[in-house]
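Colleague: A single structure is presented below for examination.
The values are calculated or read from the model by the stated rules, or taken from the named source; none is laboratory data. Predicted model, so just to flag it, every value in this text is computed and none were measured. Cβ sites come from the backbone with ideal geometry, for glycine too, and all protein chains shown count toward neighbours.
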Amino acid sequence: MIEQSPRVVAPRARTREKSPERVPDSGAVILERILSHPDLTGDDEDTAAQLRALQREFTRFRLRYKFAIDELTTKIAILREEFEQTHDHNPIEHVRTRLKSPESIFAKATRIGCPPSIPDIQAQVHDIAGVRLTCAFESDVYWIADMLTSQSDVTVVEVEDYIAQPKPNGYRSLHLTVEVPVYLSDRTEQVEVELQIRTIAMDFWASVEHKIYYKYDGEVPPGLLDELRVAAATAHDLDVRMARLRASVQGHRKGPTPA
């Protein structure tokens, strides 16, 4: 299992948030947020120059998270190719990535009471960069997590195991916050990425659940919530059944076997 000592090992109690208000122009969002920056001083020309400097600084800040996604997905691509070329079972089915938009970053900062400054956002917003992996079997979830987190330059910051402890609505997934090195022209920085690993059944349920919450803007009727919980139990039952089928033919497999 994951050998490093993460900062938090129990799932946080989270509730579904309503969708943030849609903002038409991300540049306007940045300007709106940084106009109140305490360091802005001087006449209109000086202020404009300082705003441009702050925008460039924020662009560089967000770019680091894009590079961190690239670093992690390169590691994943290497593992996928190794298994495709040398083994008869590839635990990684699909990979998706997500980089929060500027408006989403500031909306998240506002919701959690984080000041709109780069140092505060870096310290308090931990899901700017995201990578999601899907696999066929529940045991593969932990196998993939172990393979990635055992690499010497991947540091585990936080673990939220919603498979061992599902959310009340039935949501299941393994969430890891990890740090990976980003090699820039003049320095190396450790940058956080939120890594979600789940089975295909878990991912299908989560996708439908997300669409329902988006449709109702977070105010889902109780009857639908009950149906979602039943569907989550059905998805879990499918994972259990498929694991039993896999175990019944395990002796016929070639190559490495997940722990």
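Colleague: If you take the residues in region 89-143 that are part of a loop (DSSP other than H, G, I, E, B) and of a type in the set (D, E), which one is farthest from the chain's Cα centre (by Cα)? Talk me through it step by step, then tell me what you get.
Modeller: First pass over region 89-143, keeping only residues part of a loop (DSSP other than H, G, I, E, B): 89-93, 100-101, 112-117, 125-128, 136-137.
From what is left, the residues that are of a type in the set (D, E) are 93, 127.
Working: E93: 17, D127: 6 Å.
Looking at the filtered set, the residue picked out is E93.
Colleague: Can you go through R241, R198, R187, R246 and tell me which one is surrounded by 14 or more Cβ atoms within 10 Å (Cβ to Cβ), of a type in the set (K, R) and modelled with pLDDT of 90 or more? So that I can check it myself, show each step before the final result.
Modeller: Working: R241 fails: surrounded by 14 or more Cβ atoms within 10 Å (Cβ to Cβ); R187 fails: surrounded by 14 or more Cβ atoms within 10 Å (Cβ to Cβ); R246 fails: modelled with pLDDT of 90 or more.
So the residue among R241, R198, R187, R246 that is surrounded by 14 or more Cβ atoms within 10 Å (Cβ to Cβ), of a type in the set (K, R) and modelled with pLDDT of 90 or more is R198.
Colleague: If you don't mind, another one. Quick check on region 112-140: of everything there that is of a type in the set (D, E, K, R) and in contact with an Asp or Glu (Cβ under 8 Å, 6 or more places away or on another chain), which residue is farthest from V193 (Cα to Cα)? First the steps, then the outcome.
Modeller: Going through region 112-140, the residues of a type in the set (D, E, K, R) turn out to be 120, 127, 132, 138, 140.
Subset that is in contact with an Asp or Glu (Cβ under 8 Å, 6 or more places away or on another chain): 127, 132, 138.
Values: D127: 7, R132: 10, E138: 22 Å.
Selected residue: E138.
Colleague: Here's something else I'd like to know. Would you say V220 is modelled with pLDDT under 95, aliphatic (A, V, I, L, M) and over 29 Å from S150 (Cα atoms)?
Modeller: Values: modelled with pLDDT under 95: yes; aliphatic (A, V, I, L, M): yes; over 29 Å from S150 (Cα atoms): yes.
Against the criterion (modelled with pLDDT under 95, aliphatic (A, V, I, L, M) and over 29 Å from S150 (Cα atoms)), V220 qualifies.
Colleague: Sticking with this structure for a sec: Quick check: is even one residue across region 151-161 hydroxyl-bearing (S, T, Y), at pLDDT 95 or above and over 29 Å from D88 (Cα atoms)?
Modeller: Looking for residues that are hydroxyl-bearing (S, T, Y), at pLDDT 95 or above and over 29 Å from D88 (Cα atoms), one finds at least one in region 151-161, hence yes.
Colleague: Sort out which residues of region 172-184 are assigned to a loop (DSSP other than H, G, I, E, B), surrounded by 20 or more Cβ atoms within 10 Å (Cβ to Cβ) and of a type outside the set (S, T, Y), and write them in order of number.
Modeller: Applying the first criterion (assigned to a loop (DSSP other than H, G, I, E, B)) to region 172-184 yields 172-173, 184.
From what's left, surrounded by 20 or more Cβ atoms within 10 Å (Cβ to Cβ): 172-173.
R172 - this is the single residue of region 172-184 that is assigned to a loop (DSSP other than H, G, I, E, B), surrounded by 20 or more Cβ atoms within 10 Å (Cβ to Cβ) and of a type outside the set (S, T, Y).
Colleague: Consider G113 carefully, then state whether it is under 30 Å from A235 (Cβ atoms) and either surrounded by fewer than 16 Cβ atoms within 10 Å (Cβ to Cβ) or not hydroxyl-bearing (S, T, Y) (or both).
Modeller: Values: under 30 Å from A235 (Cβ atoms): no; either surrounded by fewer than 16 Cβ atoms within 10 Å (Cβ to Cβ) or not hydroxyl-bearing (S, T, Y) (or both): yes.
Spelling it out, it is not the case that G113 is under 30 Å from A235 (Cβ atoms) and either surrounded by fewer than 16 Cβ atoms within 10 Å (Cβ to Cβ) or not hydroxyl-bearing (S, T, Y) (or both).
Colleague: Step by step: first the residues of region 91-132, then only those that are in contact with a Ser or Thr (Cβ under 6 Å, 6 or more places away or on another chain) and among the acidic types (D, E), then the one that is modelled with the lowest pLDDT. Which residue is that?
Modeller: If we take residues in region 91-132 being in contact with a Ser or Thr (Cβ under 6 Å, 6 or more places away or on another chain) and among the acidic types (D, E), then E103 is modelled with the lowest pLDDT.
Colleague: Here's a check for you: in region 44-90, which residue that is polar (S, T, N, Q) and in contact with a helix residue (DSSP H, G or I) (Cβ under 7 Å, 6 or more places away or on another chain) is modelled with the lowest pLDDT? First the steps, then the outcome.
Modeller: Here is the first cut: in region 44-90, the residues polar (S, T, N, Q) are 47, 50, 55, 59, 73-74, 85-86, 90.
Still in the list and also in contact with a helix residue (DSSP H, G or I) (Cβ under 7 Å, 6 or more places away or on another chain): 55, 90.
Numbers: Q55: 80, N90: 90.
Checked region 44-90; the qualifying residue modelled with the lowest pLDDT is Q55.
Colleague: Take the residues of region 201-218 that are in contact (Cβ under 8 Å) with a residue 24 or more places away in the chain and farther than 23 Å from A136 by Cα: which is surrounded by the fewest Cβ atoms within 10 Å (Cβ to Cβ)? Before you say what the answer is, go through the steps one by one.
Modeller: Filtering region 201-218 down to residues in contact (Cβ under 8 Å) with a residue 24 or more places away in the chain leaves 201-206, 209, 213-214, 217-218.
Then keep just the ones that are farther than 23 Å from A136 by Cα; that gives 213-214, 217-218.
Working: Y213: 20, Y214: 11, D217: 9, G218: 12.
Per the criteria, the residue is D217.
Colleague: Considering (1) surrounded by 13 or more Cβ atoms within 10 Å (Cβ to Cβ); (2) in a helix (DSSP H, G or I), say which one N169 fails and leave the rest.
Modeller: (2)
Colleague: Give the number of residues within region 69-121 that are hydrophobic (A, V, I, L, M, F, W, C) and in contact with a strand residue (DSSP E or B) (Cβ under 9 Å, 6 or more places away or on another chain). Step through it out loud before you land on a result.
Modeller: Pass one, region 69-121, residues hydrophobic (A, V, I, L, M, F, W, C): 69, 72, 76-79, 83, 92, 95, 99, 105-107, 109, 112, 114, 118, 121.
Retained after the next criterion (residues that are in contact with a strand residue (DSSP E or B) (Cβ under 9 Å, 6 or more places away or on another chain)): 69, 72, 76-77, 92, 95, 99.
Total meeting the criteria: 7.
Colleague: Here's something else I'd like to know. Can you confirm whether L35 is over 23 Å from V191 (Cα atoms), modelled with pLDDT under 90 and of a type outside the set (V, I, T)? Step through it out loud before you land on a result.
Modeller: Numbers: over 23 Å from V191 (Cα atoms): yes; modelled with pLDDT under 90: yes; of a type outside the set (V, I, T): yes.
Against the criterion (over 23 Å from V191 (Cα atoms), modelled with pLDDT under 90 and of a type outside the set (V, I, T)), L35 qualifies.
Colleague: Which residues, taken from region 144-157, are assigned to a strand (DSSP E or B) and surrounded by fewer than 18 Cβ atoms within 10 Å (Cβ to Cβ)? Full working, then the answer.
Modeller: Of all residues in region 144-157, those assigned to a strand (DSSP E or B) come to 155-157.
Once the filter is applied, which keeps residues that are assigned to a strand (DSSP E or B) and surrounded by fewer than 18 Cβ atoms within 10 Å (Cβ to Cβ), region 144-157 yields T155, V157.
Colleague: Is there a residue being of a type outside the set (A, V, I, L, M) and assigned to a loop (DSSP other than H, G, I, E, B) anywhere in region 232-251? Reasoning before the result, please.
Modeller: We begin by selecting, within region 232-251, every residue of a type outside the set (A, V, I, L, M); these are 234, 236-237, 239, 241, 244, 246, 248, 250-251.
In the following step, the residues that additionally are assigned to a loop (DSSP other than H, G, I, E, B) were identified as none.
Taking every residue of region 232-251 in turn, none turns out to be of a type outside the set (A, V, I, L, M) and assigned to a loop (DSSP other than H, G, I, E, B).
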